[in-house]
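Written below as C-alpha cells is the structure these notes are about.
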Amino acid sequence: MPDLLPFRIHFEDPEIAPLDLDASDAENARQLAVTRRGVPAGAIRKVKIIREKVDG
C-alpha cells in the first residue's frame, strides 16, 4: 500500500469549508473529497499537499 500524504481540498463555493484528508495522490484526494462532501468534481478549486512548516 502506498504511503498516504496530507492534502487540503479547496472548493469553488466559499460556503464549503476546505477539507483536510490523507490520500495516496491528488486524484485520489479529489475522489475522496467528492464523496465526503457530496459535490460534483467541478466544485473543487484546488488540491494542495500540506507541507510541514519548520521554524528556525
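Summary of computed values
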quantity: Any chance Lys46 is basic (Lys, Arg) and more than 11 Å from the chain's Cα centre (by Cα); calculated: no
quantity: Number of the exception - Gly56 against (1) at pLDDT 95 or above; (2) open to solvent by 70 Å² or more (accessible area, probe 1.4 Å); (3) among the small types (Gly, Ala, Ser); calculated: (1)
quantity: Members of the stretch 35-56 that are without any contact (Cβ under 8 Å) to a residue 24 or more places away in the chain and closer than 15 Å to Ala17 by Cβ; calculated: Arg36, Gly38
quantity: Residues of the stretch 4-18 classified as hydrophobic (A, V, I, L, M, F, W, C), surrounded by 13 or more Cβ atoms within 10 Å (Cβ to Cβ) and free of Cβ contacts under 8 Å to residues at least 40 places away in the same chain, total; calculated: 4
quantity: Test: residue in the stretch 19-29 that is at pLDDT 95 or above, open to solvent by 40 Å² or more (accessible area, probe 1.4 Å), touching a helix residue (DSSP H, G or I) at 6+ places or on another chain (Cβ under 7 Å) and not polar (S, T, N, Q); calculated: no
quantity: Looking only at the stretch 30-53, and only at residues there that are under 18 Å from Leu5 (Cα atoms) and in contact with a Leu (Cβ under 9 Å, 6 or more places away or on another chain), the one that is surrounded by the most Cβ atoms within 10 Å (Cβ to Cβ); calculated: Ala33
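The values are calculated or read from the model by the stated rules, or taken from the named source; none is laboratory data. Remember, it's a predicted structure, so these values are computed and weren't measured experimentally. Every residue, glycine among them, receives a Cβ derived from its backbone with ideal geometry; neighbour counts consider all protein chains shown. Ligands, DNA and RNA are excluded from the accessible area calculation, which covers all protein heavy atoms including side chains. Shrake-Rupley method; radii C 1.70, N 1.55, O 1.52, S 1.80 Å.
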